[in-house]
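Student: Quick one: this structure, given as structure tokens, is what I'll be asking you about.
The values are calculated or read from the model by the stated rules, or taken from the named source; none is laboratory data. Since this is a predicted model, take the numbers as computed values, not measurements. Note that we place each Cβ from the backbone using ideal geometry, even for glycine, and neighbour counts take in every protein chain shown.
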Amino acid sequence: MGSLDRKLAPVDLSHHINLKSRSRHPSPLKDIIKFMGYDGMISLAGGLPHPSLFPIENAQFDCLPPPSQKTRDGEVVNLHLGRGPSAGDLDLTQFLQYGSGAGNRQLVQLATDLTERVHAPPCQYECLLHPGNTNAWSKVVGLLCEDNDFVVVEEFTYPSAQALWIPMGIKAAPVSADAEGILATSLRDTLENWDEKARGGKRPKLLYLVSVGSNPTGITISARRRKEIYAVCVEFDLVIVEDDPYYFLQYPRYSQEEQQPFQAEPPEQFLKSLVPSFLSMDTQGRVIRLESFSKTLFPGLRLGYFVANPVFTERLLRVTEVETQDPAGLSQAFTIALFKQWGIDGYLAWLQNLQYQYKTRRNWLLSAFHDQFEVLPAAKSPVPTAQGYVACLRDKSGKLRPVFSFVDPEAGMFVWSKFYFDGVPRFVELESQSLEDPEQAFSQELWEAMAAELVLLTPGSYYHAWQGPDKVSTKARGADPRSAYFRFSFATPTKEQIHEAVKRVRTVLDRLWEVAARDITAT
């Protein structure tokens, strides 16, 4: 570990490990594998397939170069992976066999080098490979949560994270947020006033966050707010799980000015522009960071890594040994070979290009909003209490009517929008029918109307914090009445498709809001 040994020692957080995880034993098969590497050892113990019978001898990948590396137009970086005398850039042999569970040592060291370069955690930590953040979160739940626990989450939360623990009887304790992220004051209030009898469970000990470019809200927690949240977690002894696949996709706020051509900055300047992670301020070892190459290289790689207190990684390794073993060997080999060609500086240049590309796509979507609606700062709109901006239409009398509000995302791939149903004829009709949840009923009709117009948005109901089957309606959740949320994604469509999609949304809203359809771009 070298310099890592000179970092702060973590506080004792072993009491957070649940009964199931404490009961895990090391896999005895992994102990045997250690001895197989001894010189002169003849093993009659293992059940490893013979490597001469593996059907792969060579693999070649033609990859794009990072923008920092000088290449001719159309030139690619060639990665040649093989076995024996024709090994090329990397010998595949060790990656085709069963691994130790911890992952290839070269790749673990690369993860450590990246962590030091990007986050420089003040506390001792270890890196452990995993096959993507979805699986990593599953392992963390298995590490820290008992049945019927509560987990503190953002008010709107990534649905797969919740779907995992709902069968365990676990419920969310949602905390409200503003444009800087979850409110530390609300977090403190939730924990300080926790009533176990009324809630039906113990006070939460785990905070789950997508802290940069949150899915779905697009919110990035500010540096100031992170310090406040961390202080509350120390006070109430919470472990923070920082699920951060969008960390490098941060960018400045939207501007209607013409965007400058891409130009990579020096790596250290790029890193200084990023909001500090929770890991970078963790002086007690209570942050478990989930890192992933899914958004920065490609999702099918199924490769990422934990950065965490050794007391946690030791238990995570035990479950890895018996559930998933290593991530795929070819994924590990490819990543090592790519970084040998690119280097960490090349990877950081690659990330800057990704940042630029997604910022451009974000701008396309917000420009389409400005083209199709009258977009006003919330304070100057018919909904001054809204966050961010409000997209409006004018009714037949010329009155400005709010349709949806949104926050300009400074990271990630999404724009989160709050639609306002007050005065919409069809919603008024549904509300008069004494339905249990007229907001959800109208949201469904609105979604279906847009789908019929050949444009898809993600319903906000997918992201409601799960508080139990008795708190699924708008009223039961205590959500704002006469409103609902939808998520716009700008990740994959072209500029033309984004503008056409927003135009189709406008067509549906003209019809359902019963406003006079007109081309506002011509005014």
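Student: Say whether the condition of being in a loop (DSSP other than H, G, I, E, B) and under 21 Å from ASP282 (Cβ atoms) is met by at least one residue in segment 139-159.
Tutor: Checking segment 139-159: at least one residue is in a loop (DSSP other than H, G, I, E, B) and under 21 Å from ASP282 (Cβ atoms).
Student: Just checking, which of GLU75, GLU116 is among the charged types (D, E, K, R), in the same structural domain as THR335 (by TED's automatic domain parsing) and not in a helix (DSSP H, G or I)?
Tutor: The match here is GLU75.
Student: Need at least 3 residues that are crowded, with 19+ Cβ neighbours inside 10 Å per element, so show me which helices (runs of 4 or more DSSP H) inside segment 403-500 make the cut, counting only ones lying wholly within it.
Tutor: Of the helices (runs of 4 or more DSSP H) lying wholly inside segment 403-500, those with at least 3 residues that are crowded, with 19+ Cβ neighbours inside 10 Å span 438-452.
Student: Considering LEU330, LEU338, LEU297, which residue is outside the structural domain of ILE498 (by TED's automatic domain parsing), among the hydrophobic types (A, V, I, L, M, F, W, C), touching a residue at least 60 places away in the same chain (Cβ under 8 Å) and surrounded by 18 or more Cβ atoms within 10 Å (Cβ to Cβ)?
Tutor: Of the residues listed, the single one that is outside the structural domain of ILE498 (by TED's automatic domain parsing), among the hydrophobic types (A, V, I, L, M, F, W, C), touching a residue at least 60 places away in the same chain (Cβ under 8 Å) and surrounded by 18 or more Cβ atoms within 10 Å (Cβ to Cβ) is LEU338.
Student: Right, another one. Taking the condition in a helix (DSSP H, G or I), surrounded by 21 or more Cβ atoms within 10 Å (Cβ to Cβ) and under 23 Å from the mean Cα position of the chain (by Cα), does TYR358 pass?
Tutor: In short, yes.
Student: In this structure, is SER443 closer than 29 Å to LEU164 by Cβ, at pLDDT 95 or above and in contact with a Phe, Trp or Tyr (Cβ under 6 Å, 6 or more places away or on another chain)?
Tutor: In short, no.
Student: Can you tell me which residues in segment 134-160 are within 19 Å of THR217 (Cα to Cα) and either in the same structural domain as TYR463 (by TED's automatic domain parsing) or hydroxyl-bearing (Ser, Thr, Tyr) (or both)?
Tutor: THR134, THR157, TYR158, SER160
Student: Given the structure, is THR313 over 30 Å from ALA333 (Cβ atoms) and modelled with pLDDT of 95 or more?
Tutor: So THR313 fails the test.
Student: Okay, next question. Name the residue that is nearest to LYS202 (Cα to Cα), counting only residues in segment 4-23 that are in contact (Cβ under 8 Å) with a residue 24 or more places away in the chain and polar (S, T, N, Q).
Tutor: ASN18
Student: Can you name the helices (runs of 4 or more DSSP H) wholly within segment 180-245 that have at least 2 residues being at negative phi and modelled with pLDDT under 95?
Tutor: Those helices (runs of 4 or more DSSP H) span 196-199.
Student: Same structure again: How about segment 160-179: which of its residues are among the polar types (S, T, N, Q), touching a strand residue (DSSP E or B) at 6+ places or on another chain (Cβ under 9 Å) and not in a loop (DSSP other than H, G, I, E, B)?
Tutor: Passing the criteria: only GLN162.
Student: Hey, another quick one. Residues of segment 340-368 being of a type in the set (A, V, I, L, M) and closer than 12 Å to PHE270 by Cα, which ones?
Tutor: Result: LEU348, ALA349, LEU351.
Student: Within segment 281-297, track down each residue that is more than 14 Å from the chain's Cα centre (by Cα) and farther than 23 Å from ILE229 by Cβ.
Tutor: LEU297
Student: Determine if segment 341-351 includes at least one residue that is modelled with pLDDT of 95 or more, buried (at least 19 other Cβ atoms within 10 Å of the Cβ) and within 18 Å of the chain's Cα centre (by Cα).
Tutor: yes
Student: I'd like the full set of residues that are under 17 Å from SER417 (Cβ atoms), in a loop (DSSP other than H, G, I, E, B) and either among the hydroxyl-bearing types (Ser, Thr, Tyr) or in the same structural domain as ARG253 (by TED's automatic domain parsing) (or both), limited to segment 380-397.
Tutor: SER381, THR385
Student: For the condition of a type in the set (Phe, Trp, Tyr) and under 20 Å from the mean Cα position of the chain (by Cα), what is the one hit in PHE262, PHE278, PHE270?
Tutor: None of the others qualify; the one that does is PHE278.
Student: Give just the number: which of (1) farther than 21 Å from SER292 by Cβ; (2) surrounded by 15 or more Cβ atoms within 10 Å (Cβ to Cβ) does GLN325 not satisfy?
Tutor: (1)
Student: Let me ask something else about it. Being among the small types (Gly, Ala, Ser) and surrounded by fewer than 16 Cβ atoms within 10 Å (Cβ to Cβ) is the filter; apply it to segment 147-177 and report the residue that is farthest from ASP195 (Cα to Cα).
Tutor: The selected residue is SER160.
Student: Mind counting the residues in segment 283-294 that are surrounded by fewer than 18 Cβ atoms within 10 Å (Cβ to Cβ) and more than 24 Å from LEU90 (Cβ to Cβ)?
Tutor: Matching residues across segment 283-294 total 1.
Student: Continuing with the same structure: Kindly evaluate PRO131 against the criterion of being in the same structural domain as THR320 (by TED's automatic domain parsing) and within 22 Å of GLY181 (Cβ to Cβ).
Tutor: No, not satisfied.
Student: Follow-up question, since we're still on this one. Looking at this structure, is HIS25 assigned to a helix (DSSP H, G or I) and at pLDDT 75 or above?
Tutor: Spelling it out, it is not the case that HIS25 is assigned to a helix (DSSP H, G or I) and at pLDDT 75 or above.
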